[in-house]
Ligand code: ARG
């Protein structure tokens, strides 16, 4: 195994130590960013007179050919190396010979790994943001298609008041829009830097960046700056924690939405039908059609929270500056990005294939208790104090439940015994889902898109 170190050691590393300390089996994902960082670095070295033109050209060609192999997927990470930095160094040595030994001048893997991970995060934030946007569109389309439809709204999972289906989905669109904002914020907090060295900076003046290299990288969205504090640069993992936190919150939102859909798809609610292509069956019970996708989305939130707590705890007692513990931020980070991206992809498709069972929903909206607040509001609008109105309608509901009568079928005298303002015509008008949602004026109508 070619290593980036070894001179001071009198013996080869124990195989168990090699196995235990290596990271290439996951940090191979950073290959592209590592090479881009090196392309930037050789421009800096040339500018500083540490590489001549011919050496620079040779290294650049070598690095570019590795970049091409990553793009066309012929690049195969080799598990016998310690990490991705060592493997790319080895490949470059094979391609360019001795000149590659100059690549690591004024550079440390401590600086490289932060750069690579930050670049990976920038890319994946953008990807996740786009997926969140598409998912929001699919929720919006579903809300629009089902236009003015009402559903029973719940608090404490008990029927509360009718709500517009549009507003239900809008609530999730609001949540996911905040998630997008959180990711944008994490993106803007990431400062891509190089030049920190191991912890104390290097003898190169890092402000002397080559203009061409800068342009090349900036075209790819990479605005590399010199590190303003080397100790902080190599030991900062705030950006990982911020992202894991944003992803955990998104996972929580998707989990809550999934929970509602699982309930709505049950026979007990029977509000929706999820397309067969997005459900799974039982090996024993032939009749079963299970919402496993939604259950897994709900379940994965545990892993997303775990990943956040994992990195928070790993960082908590670390002395400045770099410590090898930090190697352990990668797996939770990669895992959380993948979970949320996969969830958004499958949910976007699943929600395009949800059908509302309008008749069943209408039947459930026939539950007169949903309109108790509207009946109380009618009294209040006619000068009855709210607390009195609450008691009067509470008694009417109790009477309805004990007598097993519908309020809309109660006679004039029966209704009047609760309050003279309650007449058969009035209660018929009020016990109506459309009337109920239309009477709510305190929330301003939102225009989306
Ligand atoms: N694999 C390491 C990580 O992920 C890279 C930096 C290693 N630096 C070192 N001095 N061993 O953090």
Take every Cα pair under 8 Å in the chain that's 6+ residues apart, average their separations, divide by the length, and report that relative contact order as a whole percent. 15 percent
For the stretch 119-210: Kirkwood Rh in Å [reciprocal of mean 1/r, alpha carbons]: 17.0 Å
Please compute the Kirkwood hydrodynamic radius of the stretch 368-409 from all pairs of different C-alpha atoms, in Å with one decimal. 10.4 Å
Between the stretch 285-348 and the stretch 392-449, the Cα center-to-center distance that results, in Å: 47 Å
Give the angle, between 0 and 90 degrees and rounded to the nearest 10, that separates the Cα long axis of helix 372-381 from the longest principal axis of the Cα atoms of the chain. 70 degrees
Could you check which residue among 124, 53, 290 shows the biggest mean-square fluctuation in a GNM of the chain with a 10 Å Cα cutoff? 53
On Cα atoms only, tilt of 31-47 relative to the major axis of the chain in degrees: 50 degrees
From the alpha carbon gyration tensor of the stretch 324-414, can you work out the equivalent ellipsoid semi-axes (sqrt of 5 times each eigenvalue) and give them in Å, largest to smallest? 52, 21, 12
Whole-number D in µm² s⁻¹ for the stretch 1-121, Kirkwood Cα-pair radius fed into Stokes-Einstein, 37 °C, 0.692 mPa s: 220 µm²/s
Which of these, 151, 249, 430, has the largest mean-square fluctuation under a Gaussian network model of the chain (Cα springs below 10 Å)? 430
Compactness check, the stretch 56-191: C-alpha Rg relative to the 2.2 N^0.38 Å globular estimate gives 1.74
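Could you tell me how many cubic angstrom of Cα convex hull volume the chain has per residue?
Value for the chain: 212 Å³ per residue.
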How far is helix 84-96 tilted, in degrees, relative to the longest principal axis of the Cα atoms in the chain, given as a value from 0 to 90 rounded to the nearest 10? 40 degrees
What are the extents of the Cα atoms of the stretch 84-123 along their three principal axes, listed from largest to smallest and rounded to whole Å? 33, 20, 12
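In the P(r) worked out for the stretch 131-271, what percent of Cα pairs fall beyond 20 Å?
Details: 6311 of 9870 pairs.
For the stretch 131-271, the share of Cα pairs beyond 20 Å comes to 64 percent.
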Most mobile of 417, 321, 283 in a GNM of the chain (Cα contacts under 10 Å): 283
Any chance you could list P(r) for the stretch 228-364, counting all Cα-Cα pairs in 10 angstrom bins from zero, rounded to whole %? 11, 32, 24, 16, 10, 5, 1
Rounded to the nearest Å, the spacing of the alpha-carbon centers of the stretch 4-47 and the stretch 124-140 is 35 Å
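A short reminder: the numbers here are calculations on the coordinates, not readings from a lab. Just so it is clear, the model here is predicted, and its values are computed rather than measured.
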